[in-house]
Each structure stands twice: as structure tokens, then as C-alpha cells.
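Here is the structure we will look at.
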Amino acid sequence: MIRKQIQIFGCVQGVGFRPFIFRAAQKFNLKGYVRNTRYGAEIMAEGEEENLQSFLHYIQKELPPGGIILELRVREHPLAFYPSFQIKKSLDTQPDYTVLPPDSAMCPECERELFSEENRRFMYPFTNCTACGARFSIILKHPYDRPNTSMKEFPLCEDCLKEYQNPASRRFHAQTISCPNCGPVFKLYDNRGRPILTEDAVKAAALLIKEGKILAIKGMGGFHLACSALDENIVEKLRQRKKRERKPFAIMVPDVEWLKRICIISRKEEEIIRGRISPILLLKKKYHTPIASNVAPDNRYFGVMLPYSGVHKLLLKEAGIPLIMTSGNFSEEPIIYREEEAFSRLHQVVDFYLIHNREIVTPVDDSIVTTVKGQPVVLRRARGYVPVPFVLKSSSPIKIFATGADLKSTFCMLRENYAFLSQHLGDLQNLPSIERYRKVYQHFHKLLNFTPDLVVHDLHPDYISTKIASEFECPKIALQHHKAHIAAVAAEFGIEEKVIGFSFDGTGYGEDGTIWGGEIFTGEPHKLKRAGTLKPFLLLSSEGAVKEPWRVAFSLLMEILGKDLYKIHWAKNFSDEKLSFLENLFVKKINSPLCSSMGRLFDAVSSLLNLKHHNSFEAEAAMALENIAVEKEDQYQFEIYEKDGLLIMDWRKVILSVVEDLKKKKDPSLISTKFHNAVAHAVAEAAKRIRTETGLNKVILSGGVFQNKILTEKTLSLLEENDFQPFFPSQIPPNDGGISLGQAYIAYLNVREEKE
Ligand code: ZN
Ligand code: ZN
Ligand code: FE
């Protein structure tokens, strides 16, 4: 016989964990107790060693839905000869923070109740239980108890209380339950904010959508704009009113059958989209679908999701067609989540509002996920993920705050061995986004009882996130953007040893003051050294070129062809005036810094193929280029050589080949494919050269360019074929949404090393 103390860290309270442990202890014939603690639960278990092993395995595998175990610490103790197994009272110590649960999609049991006529929650949108429902978005403060959520306004009725107190009920100690007698309700309003009397507001809303109206719908973490996804005219109307030219809209479909009608979906993808997180999943479009062509123009994928909360399930059932379900905001601004703001700002966009009377405490966007080689990769980390922290190998002696980057902004709070990444906060380019950032900071500060000892931020002197960092009085460190991209992936996988890192993105401030974005590093995650780069070129008109891929193409052509560039057909797209303006910038090097950005190289090729000369949203041109690529072996070739201690990936031959193939009127799809393959082969080739010199074998890929699935899958395959051990993020975005975690991780490793 042995006795073990099992400390469980994570979200295990309010999910039926203790009764579950009680039953498991009976099953494996163990004595002892279970109780809630500051950071989760503690189990003392005594019995045969074999049984204890099986018990440990069982509780992790069969954990009740809604439970999250972050860490499990097991220690052996001398025998105590317990007479039985008991559920003990909680330890009364007031924790200074707890790990709070994320929002979850409605579970299958609740869905069954929602649609069964005899159930008292029939058609009740707020149906939930211990396993599902809103959590993080409605929690005011820790610990997670009903009075600390916005459900505090809705006292439990007698029937609900009975369920809450019944250990046999799915709703035993479920903090957020309610029913039509005691819970929040939906109401319909016109676009001047006047209530409309209806028997069933949700049903009425569905009918309005079917009639072609655009609605603002208050959901779990904010407002959506919803309308039919089948009618081109309605989609166009939404685009005009929302001022969103071509950026794809997310679609919510009634059921999996609909998904299969419009997309190609694997079993693994089906599992992801039906799961508790229920994200927007990027799926390859099918040809000839009933979805309006302007929903996701020039894009390989649809961003689709299934109805995840009660209101969505009722709405989609009633409407019976796929709906646009896009964030209620104006381009690049944060999602609107309060009624007053919705009424004052969205009235020109929508015809009606469907609104409930439960407060959203903190806004949380829908998460966006794609798959790479069958594995999920989160591109926007919000609902369902946040605030579950990343677990580090050992405890940090200080509290670290990382302010992230300016695009796809997130921040990170690191304390002890947890790194808490905020939800996606949008682009810090406008006042509402900056205000949102501060507000969410305050919320996290309160929830986690967090005041930093050290602040880390991007090296870019003009980033808003850098200015935010400067407002703190504690010590600060500036970190290079592309190193943080690599470190973020290292953090996810707990890598502390030396790696080779490829960091490809749009732009970031380099250590030499030029614009980086096609960088190779080697070293430990906190001591990365630049080992190579894409051959730099002039970024004509600086940041102005980000919106105008053709300017990048011009710069590259000018460098390799000189004035001969005017002879190629591509140049006929632009007026003489525009061309000579750029030539002047090029020759005199005015407002044209050096830039080694891989993202810009994709832009340039997109323009050369006449796909996109302008970006109406981030990465539009690159996406159009990916859209026409196919899986084939043909490739162009980068020249790779060493210069001044750096491995240079020289693009000149690649661009020259593109121009030649264009002259030969080769299929643009083939040209795009050859270009994608060239970049993948350049990575593998550079990695091989570095391995020969250093013996390093672990390769990290990170940065927004690797959101390109064709490129990333090809690159990963090549690395595997060459016996590398590649790492690609899954739980953090490869884009700038992961930067704050990388910044925090670098600081953490440094601090730890100093203390050792
Ligand atoms: Zn449920
Ligand atoms: Zn009730
Ligand atoms: Fe970046």
C-alpha cells in the first residue's frame, strides 16, 4: 500500500470534479479525500500502487467536460490508514488569483434540452450546465462563483436552485445556470433603438434575416453582424455599410451537412469545429456552392463555424441557411460589446438589433483556427482559449508583463510558472483599440492580482505598445520582433535549448534600424543571433508600400532589370507619372529604407502576376497568390550564400524566372506554385547549411507568412524529409498575436538564468 498527495492545478471547480473523483476512488478502491484548493484541487489517495497508477491515468483521461488540468504534482507520503474516501470542505485560504475557465460551446445534453418540447428549457437560449456556457466573458472577479459573474443580476428560481444543490444533477454547483423563469432574455429593437414587441424575438430575428435584413446580434463575447450568406446583393450592402471592401466574412452554417456542401472537411477538422472551443475554422472551398461569391473573394478558404451558443442554434435552425456572422465593428476597430455603443455606432449598418440583458464583462472575439498537416493552428486566439495559461517548466521569481506588437495585438502576463495570454485585441492603430487594450489590461490586472516587476516590449520606437510600456515605472526591456516570434513557439513547446528559427512576416523593426521580415536565427530562445536573412531591397515610400504591392514589385524589377523593366508587359498597368515617381525614389533612395521582408516578396509576386496591386486588408495580395497555387514539385531557386557572416537568401534569380515565365505566357497558377516551392526549398537548404556548421536539428517556423498553408506544409515536409525536427505553433498564432508570449518567454528565461 502507498499514499500519494495529488495536487491538481487548473480549472476543476464547478465542473463536477469532486463527485467525479469520489466515484473514481471507489472504482479503484482508494481511501483518502479530495478538496478544493487555491489553484484547483488536492487529492490524498491511499491504496495499492497499481490502483493508484490506474486512478491517475483515469482521472486525466475521463476528466469531466469543462475541466482543465494544467499541471498535476504527485508526492508520496507515509501511510495514514484512512477509513474511507471523503469529499472534504475547501481550504479557506483566500487565493490571490485562480485560473479561470474559458467560454465553451453548448454541450450536446444542453442542446438536446434546447430542442425538446417537454423540457422546461425548451427554446431557452441561455441553457447551460457545468460542462458548458459563457465563463470568462462574464466573470467580474475571481474566484469563479455566481455572485462574481454578470449572472448575479438573475437570482436562481426554485427549480434551478434544486438542480444547483443536487449532486446527481448535471447542474450541481453550476454557477451560471438559469431558465426562462429566472434568467436573461432576448429582445428585438429597430435601428433607432425602439423595442419591437414579439412573442419570440429570436424567431422574429431569423425571419427578418431571411427577408434580407442585416441584424446586430449580441452573443457571448460581443456583437455580430448577421445576414444571409447566399445573396450577393445583401452581402454587398453589408460590405458598403461596414466599409469593408474585400476582406472575407465568416459564415455560420446550420449544421455539418451544410459544411460538407460548401467545404472540404476531414474527420479531424470536423472534430475541431464541433469541439468545445467551436472556432471559426478555415476550410477549403468547394467549387460551385450556393454561397455568394463576394463572401470570400480570391480566397481558397471559407471561414466557417457551427452555431455554438443557444441563440445561434435557435437562429440557424429557424433560418435554415448559412449566415454571415462577422464581428460587430468597423474595420480594424475592436468588437463592440455594449448596447449603448451598438445603438450609437451600428445604427447605420444594421436594420434591427437582437439583444439580451446579460452584461458582457470582457469582450471576446471568435477564435480563428486553421489546420496544417492535419493539426489545428490558432490564427486568432480568443473565445474558448482565453484565459487558460501556458505552463512553464519552472517558476519565475518575478512578474513579467509583455506588451506585444501593434497588429493583431495581445499582451501577456507571466507569473510563477504560468503565462497568461490576453484575447485578441485588434490593431493598435486607432483610439478605440488603444482604449480596449487598456481596459482589458485593467481586467486582467484585477483577475490575476498582477502588477509587473518587469515590462517587455517591441524594439520599434514608434509602436503604440512601446508607448504603453513606457507608462510603467518598473524596469523595461526592448526585444526584437522576429526573435519574439521564434521565442513564442519555443514557449509553446517548452523549448529551452538551441534551435534554428525562421521568422518570416510583413515587417518588424530590425536591430540595425532597417525593416526585417525574412530572418534566420540560431541559439537558445533568449539568446537568438541573426544567422541569415532574405536579401534586402528598397521599400519604396516605406510603409506606403505595404498597401501597394506593385511598389515592391517595381523596386525588385528596378534592381535586376534597371530601365528594361518598362519593356515588360506588367509595367503597362501603371501610369508614366506613377512609374517615374517610384523611379525617382529608387534612384535617390528617398523615404525608402532597406527591407528584408518575406511578406513583401509574396506581395511583389502577386502584383507581377496581376493578381493584386493593392492590399485592401493585411496580406490580401499574398492570399490571392496562395489561392492559385497547387501541390506540384516544380520550383524556382533562391541563391543561398554567405556574406559578412550572414546566410543570404537571394531572391533575384527567382524574380527573374517569374518575369521570364510571364513572358512565355506560362500559367500563373504554375508560377505561383514554383514560387511557393522556392521559398520552402530555401528554408530547407538554409537549415541544412546551418546544421552542417552547428549540428542544430530543431527548426522553428514562425511569423505571419507561415499562415500560408501551402507554403508551411511544403516547408514542414521538406524539413522532415531531411531529418530535421520542425516545430510549428498550434496553440499560439504564428502571426503577431503570439509576439507577447515570445517577449515574456525571453524575459523569463533571462531572469531565471540570472538568478541561478
Ligand atoms: Zn451543457
Ligand atoms: Zn430558473
Ligand atoms: Fe510579425
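The values are calculated or read from the model by the stated rules, or taken from the named source; none is laboratory data. Keep in mind that this is a model prediction, so the values were computed, not measured. Positions of Cβ are backbone-derived with ideal geometry, glycine not excepted, and every protein chain shown enters the neighbour counts. These accessible areas exclude ligands, DNA and RNA; they are computed on the full protein's heavy atoms, side chains included. Shrake-Rupley method; radii C 1.70, N 1.55, O 1.52, S 1.80 Å.
Measure nothing fancy, just the Cα-based angle from helix 598-608's long axis to the longest principal axis of the chain, in degrees from 0 to 90, nearest 10.
Result, in degrees: 60.
Would you mind working out the accessible area per residue for region 167-316, using a 1.4 Å probe, and quoting it in Å²?
43 Å²
Along the charge dipole of the chain, which of Ala382, Cys110, Ala487 sits closest to the positive end, that is, farthest toward it, with unit charges on the beta carbon of Lys, Arg, Asp and Glu (+1, +1, -1, -1)?
Toward the positive end, the furthest listed residue is Cys110.
Expressed as a rounded percentage, what relative contact order does the chain have, with Cα pairs under 8 Å and six or more residues apart?
11 percent
Let a ≥ b ≥ c be the square roots of the eigenvalues of the Cα gyration tensor of region 1-70; is it rounded (a/c under 1.5), or, if not, prolate (a/b larger than b/c) or oblate?
It comes out prolate by the Cα gyration axes.
Among rounded, prolate and oblate, which fits the chain when a ≥ b ≥ c are the square roots of the eigenvalues of its C-alpha gyration tensor, a/c under 1.5 means rounded, and a/b larger than b/c means prolate?
It comes out oblate by the Cα gyration axes.
Less than 19 Å from a label point 7 Å out along the Cα-to-Cβ axis of Arg241: which backbone N atoms in region 342-365 qualify, by residue?
Residues 342-356 qualify, since their backbone N sits under 19 Å from the label point.
Compute the FRET efficiency between Glu660 and Glu720 as 1/(1 + (r/R0)^6), taking r as their Cβ-Cβ distance and R0 = 35 Å, and round to the nearest 0.05.
0.65
By how many nm would the segment from Lys373 to Val391 grow when fully extended, if each residue of separation counts as 0.36 nm and the alpha-carbon distance is taken off?
Here the answer is 4.0 nm.
Go ahead and run the numbers for FRET between Asn357 and Thr694, Cβ-Cβ distance against an R0 of 60 Å, rounding to 0.05.
Working from the Cβ atoms, E equals 0.45.
Relative to the present Cα-Cα distance, how much length would full extension add between Asp644 and Lys632 at 0.36 nm per residue of separation?
Gain in length upon complete extension: 0.8 nm.
Please state the charge dipole magnitude for region 1-116, taken about the Cα centre, from unit charges on C-beta atoms (+1 on K and R, -1 on D and E), reported in debye and rounded to the nearest 20.
Dipole about the Cα centre, nearest 20: 360 debye.
Taking the dipole about the Cα centre of region 487-562, with the C-beta of Lys and Arg at +1 and of Asp and Glu at -1, give me whichever of Leu556, Thr533, Gly508 is farthest to the positive side.
Checked the options; the winner is Leu556.
Give me the extension gain from Asp512 to Glu199: residue separation times 0.36 nm, minus the current Cα-Cα distance, reported in nm with one decimal.
106.1 nm
Counting only heavy atoms of protein chains, what accessible area per residue, in Å², does region 555-600 have with a probe of 1.4 Å?
Each residue of region 555-600 exposes 54 Å² on average to a 1.4 Å probe.
Taking Cα atoms, how many degrees apart are the long axis of helix 668-694 and the longest axis of the chain, rounded to 10 and kept between 0 and 90?
Taking Cα atoms only, the helix is inclined about 80 degrees.
To the nearest 20 Debye, how big is the dipole of region 438-565 about its Cα centre, given +1 on the beta carbon of each Lys and Arg and -1 on that of each Asp and Glu?
180 debye
Give the separation of the Cα centroids, region 37-53 to region 724-755, in Å.
33 Å
Put +1 on the Cβ of each Lys and Arg and -1 on the Cβ of each Asp and Glu in the chain; which of Val630, Thr451, Asn181 then has its Cα farthest toward the positive end of the dipole?
My answer, from the dipole projection, is Asn181.
Rounding to the nearest 10 and keeping the result within 0 to 90°, find how far the Cα-based axis of helix 431-447 lies from the longest principal axis of the chain.
Relative to the chain, helix 431-447 is tipped by roughly 40 degrees.
Which order do the peptides 198-205, 413-420 come out in when sorted by mean C-beta neighbours inside 10 angstrom, highest first?
By packing density, highest mean first, the sequence is 413-420, 198-205.
For a label point 7 Å from the Cα of Ala478 along Cα→C-beta, name the residues of region 425-441 whose backbone N is under 20 Å from it.
428-429
Per DSSP H run of n ≥ 4, the term is -39500 (n - 2.57); total these for the chain, divide by its residue number, and report the mean residue ellipticity at 222 nm rounded to 500 deg cm²/dmol.
-10000 deg cm²/dmol
At what distance in angstrom do the alpha carbon centres of region 328-399 and region 213-261 lie from each other?
Taking the Cα centre of region 213-261 as reference, the centre of region 328-399 is 17 Å away.
Please state the charge dipole magnitude for the chain, taken about the Cα centre, from unit charges on C-beta atoms (+1 on K and R, -1 on D and E), reported in debye and rounded to the nearest 20.
Roughly 760 debye, rounded to the nearest 20.
Can you give me the solvent accessible area of Thr326 with a 1.4 Å probe, rounded to the nearest 10 Å²?
So the heavy atoms of Thr326 present about 10 Å² to solvent.
What FRET efficiency would be calculated for the residue pair Ser331, Arg35, taking the C-beta separation as r and a Förster radius of 41 Å, to the nearest 0.05?
Approximately 0.25, to the nearest 0.05.
Using only the Cα atoms of region 411-513, build the gyration tensor, take square roots of its eigenvalues as a ≥ b ≥ c, and label the shape rounded, prolate or oblate: rounded if a/c is under 1.5, else prolate if a/b is larger than b/c, else oblate.
Note, shape of region 411-513 comes out oblate.
Distance from the Cα centre of region 418-456 to that of region 464-497, in angstrom?
14 Å
Looking at this model, which pairs from Lys152/Lys243; Lys313/Lys632; Lys408/Lys664; Lys88/Lys313; Lys247/Lys632 are more than 31 angstrom apart at the alpha-carbon?
Checking Cα-Cα distances, Lys152/Lys243; Lys313/Lys632; Lys408/Lys664; Lys88/Lys313 exceed 31 Å.
Can you list the cysteines of the chain that have no other Cys Cβ under 4.7 Å away?
Those would be Cys11, Cys110, Cys129, Cys160, Cys179, Cys227, Cys263, Cys412, Cys474, Cys595, since no other cysteine Cβ in the chain comes under 4.7 Å of theirs.
Counting only protein heavy atoms, what percent of the accessible surface of the chain is carbon or sulfur at a 1.4 Å probe?
Result for the chain: 49 percent of the exposed heavy-atom area is carbon or sulfur.
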